[in-house]
Amino acid sequence: MKGKFNRFILPLLLFCYALSFAQDTTTIGQTRQDTITQINLLRNKVREAMIKQDITTALHDLNLANQLASAINDDELQAATYNDLADFYSKVQNHELALIEVNKAILLLNDKSGSSVLADSFVLEASLFAKKKEFDKATDNLDKAYVIYEGLENRSDMAIIQLNKGLLALEQNNATNAVNYLDASLSTFEELGLKYYQAQAMLSKSKALLLLGQNGDQSRLDQSITTLDRAIEISRNNNFEVFITESKLIRSDIAKSQNDFSKAYNYLEEYYTTKDSLNNLSREVMEQEVKLRLERGDFDEIIANLRANIAQKDSSIKMNNITSTLSIALITILSLLTLSLYKNNNLRAKANDLLQEKNSELQLAKEKAEKASLAKAQFLSTITHELRTPLYAVTGLTHLLLEENPLEHQREHLNSLKFSGDYLLSLINNILDLNKLEANKVEIEKTTFNLEKRINDVLVALKKSGDDRNNKILFEFDKSIPAKLLGDPLKISQILINLVGNSVKFTENGTVMIRVQKGDETAENVVLHFEIEDNGVGISKKKQKSIFETFSQASLQINRKFGGTGLGLSIVKNLLQLMNSKIYLESQLGKGSKFSFDIKFAISDQSKEDKNSHNIIYDIDYVALENQTVLVVEDNKINQMITKKILEKNKMKCDVADDGETAVEMVQKHPYDIVLMDIHMPGISGIEATQQIREFDKNIPIIALTAVTIDENLDEFYRAGFNEIIPKPFKTEEFFEKIHRTLFMNKTPV
């Protein structure tokens, strides 16, 4: 019977003991957590006491917090209490003790390079070095702290570093640097509501502005007074007594600079009276510190008693658990299941609420983004029109001057001016292209074309750029690629011009290779692989991630050396996305770069390609244009003169109308062969003037000669009665080609 009892009760006792041991561990864990909570409460009380200048309470609580942190062996928490003690001693002017405490913290956390507490220690040590005039050491410590805070993305502490750098600059009488650092920190303090540091920064900024105003700069002196008033207001609202005391010294200096010596003396007397009371209090604190250090044995005894009480309670809990384990286990399991279900339901409800809230935020953000995108598009449309109008004058006058047989050195200057005008026009067009791509207003055309010929045309256009940089441009083309493809040749040219031009620009005395290879092919489609490779400057690994973003370049130095806007690769990326493709980059600094992409083309069954697809060869019979009468409708006097001279140089007869109303009257009175109509004019617009002319003359050719962005407005122009559209600035050959075609090939409005 006894054996049966032992076999039954022994496993039960072992199970109960194991469960009670698990509960003991929880109890000990809770005790440690309670101690940490108590330490943090004490540290917060210390901060409040220091703000109120209750130094006695602050010192007592600091020592107690340090003892408790030591008892639980928490390095970071103990180092934090060392920092608190160092900060305390620094504020009561005992810098030697402060340095001892902060060094304890740094030694304790020497192997924890990413610790925010270690960064706090560096900041404290920097302030102590500054007081000892060891400015290089102070700056070095602040830089080490900033690296840690930056890694932790701690904005408030990064701002505190800027504040300390401002104080350091002020210590060295570098008032300008001080103001810059303090302004940088103030924006963060104000945003995050850190009133204590905001008051400190404004007080220091007032000192710096006062230094800058000592040479008679009244505006700096006024700024110093305004900043000081704001610092005092914040300090009074938050009981920052130390800053209110410090402000009296600055008030005295301001009064002295205003030659009000009586007021300066009064402020100085108030300052030293308050300062003397603080120094007396500091001496009392030091006496209490000695006493507290002698009584630390009492703290050890208290902690030992606490541990003994905890052990006694643990023993009692074990005994109780042995007798009631089975019932408690059952109740615990049921309670845990119930609690788990309850928490699960709560979490699900909270998740649903959060998801709903985030959806609302996303919807609001989407609406804001759409409004911003619309505003950007409208701005770009307006600004490009304003840019094109004066640019037309630049390019037009340059063309006229080049036609007048200038001297050789004048021709060189005019060619430079023409290049600059063409570059600016290219930049404007790139911005517009990017804007249209982002607004999804670009469509892919389907035209039959010869890819090899198209690429050769691009390379011919870029040959001079390559020769200028002593580069060889090589071209490998897979001859098994079908001769006639169906796609958008203009977009292909635009992609290749940007990529090959980019490689030419960033390569010197090197080679740029263009390869086109055939991939998968069916009866209807073929996939082609494009590669553009150079042995130029290359791109760093870090910058490769952002090189296809708008306005992005490899570095500021690259921008200064090679120029450009960083729009080309962004346009390439967007165009390839429209063609269901993606661009890839392989690059190494100093060794070159390789861009590659695949495009799927339909194979054309036409016997010949569309010869008129964006043809740049102009077939113009200039003799047929002679003596043709032209009415130029333009409100800008310079543009009138330029357009008229270009026409008259080709022996055409030209009249000018300053606005739309005058143009309508002149067309009614004179039989003009063709009208060149501006769009934006005072009174009625060019569109309204054209509509009125069409009411009495359906056949007279009217061409819109305008600086507006026409791509999205073509239908509106043609509905108004225009036969053709010429955007300003224009190439002279394109200008006359469209006039010739409109006069002799297309008399009827579209």
With respect to the numbered conditions (1) within 22 Å of F530 (Cβ to Cβ); (2) assigned to a helix (DSSP H, G or I); (3) modelled with pLDDT of 85 or more, which one is the sole condition not fulfilled by S570?
(3)
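Being polar (S, T, N, Q) and on the phi > 0 side of the Ramachandran plot narrows it down to one of N450, N456, N470, so name that one.
Working: N450 fails: on the phi > 0 side of the Ramachandran plot; N456 fails: on the phi > 0 side of the Ramachandran plot.
From the options N450, N456, N470, the qualifying one is N470.
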Looking at (1) out of contact with any Phe, Trp or Tyr (no Cβ under 9 Å at 6 or more places or on another chain); (2) assigned to a helix (DSSP H, G or I), which one does K133 not meet, given that it meets all the others?
(2)
Answer residue from the stretch 476-523, given it is assigned to a loop (DSSP other than H, G, I, E, B) and of a type in the set (G, A, S) and is surrounded by the most Cβ atoms within 10 Å (Cβ to Cβ) among those:
G510
Out of the residues in the stretch 24-65 that are among the polar types (S, T, N, Q), at pLDDT below 80 and touching a helix residue (DSSP H, G or I) at 6+ places or on another chain (Cβ under 7 Å), state the one that is nearest to E246 (Cα to Cα).
Q53
Among (1) farther than 20 Å from E190 by Cβ; (2) surrounded by fewer than 18 Cβ atoms within 10 Å (Cβ to Cβ), the one test that R230 misses:
(1)
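Do you know which residues across the stretch 414-469 are part of a loop (DSSP other than H, G, I, E, B) and modelled with pLDDT of 85 or more?
Initial filter on the stretch 414-469 (part of a loop (DSSP other than H, G, I, E, B)): 439-446, 450, 469.
Of everything in the stretch 414-469, those that are part of a loop (DSSP other than H, G, I, E, B) and modelled with pLDDT of 85 or more turn out to be N450, R469.
For every residue, the table says whether it meets (1) in contact with a Leu (Cβ under 8 Å, 6 or more places away or on another chain); (2) not aliphatic (A, V, I, L, M).
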position: F475; (1), (2): yes, yes
position: P482; (1), (2): no, yes
position: V527; (1), (2): no, no
position: K542; (1), (2): no, yes
Do the conditions hold for A145, that is, is it over 24 Å from L77 (Cβ atoms) and of a type in the set (G, A, S)?
no
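Residues are listed down the side, and each one gets a yes or a no for (1) surrounded by fewer than 22 Cβ atoms within 10 Å (Cβ to Cβ); (2) of a type in the set (K, R); (3) without any contact (Cβ under 8 Å) to a residue 60 or more places away in the chain:
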site	(1), (2), (3)
L41	yes, no, yes
L64	yes, no, no
Q78	no, no, yes
Y89	no, no, yes
Q93	yes, no, no
K104	yes, yes, yes
K137	yes, yes, yes
Determine whether the stretch 642-656 contains at least one residue that is in contact with a helix residue (DSSP H, G or I) (Cβ under 8 Å, 6 or more places away or on another chain), in contact (Cβ under 8 Å) with a residue 24 or more places away in the chain, more than 18 Å from I739 (Cβ to Cβ) and surrounded by 16 or more Cβ atoms within 10 Å (Cβ to Cβ).
no
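Restricting to strands (runs of 3 or more DSSP E) lying wholly in the stretch 622-695: which have 3 or more residues that are under 50 Å from the mean Cα position of the chain (by Cα)? Can you show your working first?
Details: elements: 629-633, 653-657, 674-677.
Answer list for the stretch 622-695: 674-677.
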Subset of the stretch 501-541 (residues that are of a type outside the set (D, E, K, R) and touching a Pro at 6+ places or on another chain (Cβ under 9 Å))
V526
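The values are calculated or read from the model by the stated rules, or taken from the named source; none is laboratory data. Small disclaimer: the values here were computed from a predicted structure and weren't measured. For neighbour counting, all protein chains shown are included, and Cβ atoms are generated from backbone atoms with ideal geometry for every residue, glycine included.
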